[in-house]
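Let me begin by presenting the structure, written as structure tokens, before commenting on it.
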Amino acid sequence: PPGRGRRVCSAALAVRKCEACTRPGDTLGTLAAEFGTDWLQLWGANGRSIADPDSIDAAAVPFVFLGPLYRAAAAGESAGAIAATFGVPPAALAAMNPDLNLTAGPAGQPAAVPGDALVCLVPSLACAG
């Protein structure tokens, strides 16, 4: 049978929230478009680690911060309330936090965030008009 005599192993991976790996050719503009935010948000979130927003050296800057982390204060805090408070579209909040399953609320109710959970917030700072 397939796999006979093979040892099965599992591994745990630690994935850092609100960070994205960079690739050769990335700019803050391309990353902002990929994550639904503004290049200024990304530039502000990364301090002095990125000197030129139009040219990111992926070897020197292997990842960028996408936004701040918010620690949910109490169990059952509504994902919709968090989204409204920080100006993040609910769909974007759910997409940036797949580990929290924010799209599943009972009977049309907003999804609840587990207490003490870290929530990635990627707001857009784009100016209208």
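The values are calculated or read from the model by the stated rules, or taken from the named source; none is laboratory data. On a predicted model such as this, the values are computed, not experimentally measured, just so you know. Ideal geometry is used to build each Cβ from the backbone, glycine not excepted, and the neighbour counts take in all protein chains shown. Please note that ligands, DNA and RNA were not included when accessible areas were found on the heavy atoms of the full protein model with its side chains. Shrake-Rupley method; radii C 1.70, N 1.55, O 1.52, S 1.80 Å.
Classify the stretch 23-64: rounded, prolate or oblate, from the alpha-carbon gyration tensor (a ≥ b ≥ c, eigenvalue square roots; a/c under 1.5 rounded; otherwise prolate if a/b is larger than b/c)? It would help to have the intermediate numbers written out before the result.
Working: a/c = 1.81, a/b = 1.22, b/c = 1.48.
It is oblate, given that a/c is not under 1.5 and a/b is not larger than b/c.
For the stretch 65-104, with all protein chains in place and a probe radius of 1.4 Å, 66% of the accessible heavy-atom surface sits on carbon or sulfur.
Once both labels are positioned 7 Å from their Cα atoms along Cα-to-Cβ, the gap between Arg48 and Leu69 label points is 2.4 nm.
Shown in residue order for the stretch 22-33 are the 3J(HN,Hα) couplings computed by the Karplus curve 6.51 cos²θ - 1.76 cosθ + 1.60 at θ = phi - 60°: 8, 10, x, x, 5, 10, 5, x, 5, 5, 4, 5 Hz (x for Gly and Pro). Less than 5 angstrom separates the built amide H of Glu77 from those of Val113, all sequence-distant by 5 or more or on a different chain.
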